[in-house]
1. Mind checking the range 103-145 for trypsin sites (Lys or Arg not before Pro) that DSSP puts in a loop (not H, G, I, E or B) and that have at most 12 other Cβ atoms within 10 Å?
2. What FRET efficiency do you get for Tyr173 and Asp146 if R0 is 22 Å and r is their Cβ-Cβ distance, rounded to the nearest 0.05?
3. Please give the FRET efficiency for Lys115 paired with Ala166, using the beta carbon to beta carbon distance and R0 = 25 Å, rounded to the nearest 0.05.
4. For the ranges 24-31, 81-88, what's the packing order if you count other beta-carbon atoms within 10 Å of each residue, average per peptide, and put the highest first?
5. Would you work out the charge dipole size for the range 3-98 about its Cα centre, treating the Cβ of every Lys and Arg as +1 and the Cβ of every Asp and Glu as -1, and quote it to the nearest 20 debye?
6. For the pair Lys103 and Glu56, how long in nm is the line joining their label points, each one 7 Å along Cα→Cβ?
7. Using the Cα atoms of the range 1-157 to build a convex hull, what is its mean projected area in square nanometres?
8. By how many nm would the segment from Ala85 to Thr157 grow when fully extended, if each residue of separation counts as 0.36 nm and the alpha-carbon distance is taken off?
Amino acid sequence: MAQAELKVSTRERLGKGGARSLRRAEMVPAVVYGKDFPACALSVDPKALRKALATESGLNTLLTLKGDGPFSGKVVIIKDRQLDAVSGELLHADFKIIDLAAKVSVMVPVHTVGKSVGEKEGGNLSIIRHELEVVCLPNAIPSSIDVDVSGLAIGDTLHVKDLHLAEGVEVPYDRNFTILTVTGRMAEEEEEEAAEEEEALVPEASDEAEND
């Protein structure tokens, strides 16, 4: 699990006016909170945050906050963030303090490994779930959920129950939902051939009836 340090500062001026002032200074408003820890308003350098998150774990990187305040030394993860709809620039970030000895729930991207047999035959790999909810200890958060698709043929489907996860890592689910599937012409052609064979049997049955 990737870890990084992030320097933040206590934010005194709140509200929209304070947020605008921060952004003019090329800083971004943020908040840190956690169990038995009162919410604390912060300011953070968006460039420093991007650099801290530039790991294989991305948004799930464990961040140790540094600065003058009760938050210093706390390990957090990004729980939420607001981005500008046009520019994609960070507008606000929520940091949640975590207990390294307690399980957390995070979203982890799905990463396919290899090229499926179906793709080699002209089919397409369709990913239904690009990320999955994972429950585990903070230090065990995987950077991605790797799925080997090399053995999948056209028409094959991989469900959540088919995943091979590391010990201590869980993907909770109420139903055995689909993660990815391989589609293509071969499956469609086989269905068409089967339909044609069924239609070809109908006249034969009619002819027998007339002969009788």
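Bear in mind these aren't lab numbers, they're just calculated from the coordinates by the rules spelled out. Nothing here was measured: the structure is a model prediction, and the numbers come from that model. Here the Cβ is made from the backbone with ideal geometry for all residues, glycine too, and neighbour counts use every protein chain on show.
1. Sites meeting the loop and neighbour criteria: Lys115.
2. 0.75
3. Given R0 = 25 Å and the Cβ-Cβ separation, E is 0.60.
4. With the highest mean Cβ count within 10 Å placed first, the list reads 24-31, 81-88.
5. Around 180 debye, computed over the range 3-98.
6. With each label placed 7 Å out from Cα toward Cβ, I get 2.4 nm.
7. The orientation-averaged projected area of the Cα hull of the range 1-157 comes to 11.4 nm².
8. Fully extending the segment from Ala85 to Thr157 adds 22.5 nm.
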